[in-house]
Amino acid sequence: MQTIISVIGGIFWILTYVFIISKGFKDKTYGMPIIALCANISWEFIFSFVFPYGPPQSYINYLWFGLDTIVVAQFLNYGKNEFSKWSSSKLYKLFIVLLTSEFSLILVGSIAIGDFIGIYSAFGQNLLMSILFVIMFFKRNSLRGQSFYIAIFKMLGTGLVSLHFYLYEPISQSSLILPPLFGSIFIFDMAYIYLIIRAYKQNKVPLLKI
């Protein structure tokens with residue numbers, strides 16, 4: 001059962017990426033905050049190729065990494081639409097600095113605390129991501145690059161993986177940090193869903209419209 005819950009959570013995150021990419025191409029933007037994107041793709045590289053999981057999670061990690069490279073390409077291609085005062089060169093430099101620093105932080109931090117499955121970095125960056133999605137919503141003040149499907153699948157994906165770790169992984173059951181992370185992520189994800197639904201209603205957009 002625990003493997004099924006984890007795999008379904010991974011599939012929901014694959015769907016999240018698919019809708020982020022689709023909405024990004026449609027709106028000519030990127031759909032994941034850049035700080036979260038750099039942390040995400042760093043984690044996926046490290047725990048796919050440096051400290052690889054076994055199957056089936058390894059296959060999910062590979063797919064996540066591949067999909068994230070597309071989101072990176074969208075940022076590099078469409079980033080100026082969100083940072084109109086920045087040159088392309090400046091955006092590329094920002095990306096390199098963020099990617100290098102976050103990759104180093106996740107790698108060194110995981111080695112330092114002996115977390116070779118990346119659970120603390122995964123849920124730490126998921127909380128950061130959930131907060132940044134809310135901030136991105138207010139910053140853009142529109143549904144550009146965002147949708148109900150992204151919000152709901154993101155919540156379900158992280159929620160199911162959190163449930164898996166809380167119920168079945170001893171590291172979570174003995175940790176004072178992880179359960180509050182699980183709860184905090186869920187709160188921010190639900191807040192983001194509420195904001196997205198409210199924006200749909202205000203703009204008279206059908207909720208299930210892709």
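From the cross-link list K90/K209; K23/K201; K23/K154; K28/K209; K80/K204, which pairs have alpha carbons spaced over 25 Å apart?
Long pairs (Cα-Cα over 25 Å): K90/K209; K80/K204.
Could you calculate the contour length gain from S88 to L167, that is, 0.36 nm times the residue separation minus the distance between their Cα atoms, to one decimal place in nm?
Answer, rounded to one decimal: 23.9 nm.
Just D68, D115, D189 to compare: in a GNM of the chain, with alpha carbon springs under 10 Å, which one fluctuates most?
Residue with maximal mean-square fluctuation among D68, D115, D189: D115.
Find which of S142, I11, G54 sits farthest along the positive direction of the dipole of the chain, computed with +1 on the beta-carbon of Lys and Arg, -1 on that of Asp and Glu, about the Cα centre.
Of the options given, the answer is S142.
Along each of the three principal axes of the Cα atoms of the chain, give the extent in whole Å, ordering the values from largest to smallest.
45, 38, 28
Given R₀ = 41 Å, what would the calculated FRET efficiency be for K139 paired with Y62, taking r from the Cβ atoms and rounding to 0.05?
0.80
Filter the chain for me: DSSP H helices, axial length by Cα at least 24 angstrom, mean Kyte-Doolittle hydropathy not below -0.5. List them by residue number.
2-27, 57-82, 88-113, 119-140, 148-168, 178-202
The numbers here are math on the coordinates, done by the rules we state, and not lab data. Quick caveat: nothing in here was measured; it's all calculated off a predicted structure. In this analysis, Cβ positions are derived from the backbone assuming ideal geometry, glycine residues included, and neighbour counts consider all displayed protein chains.
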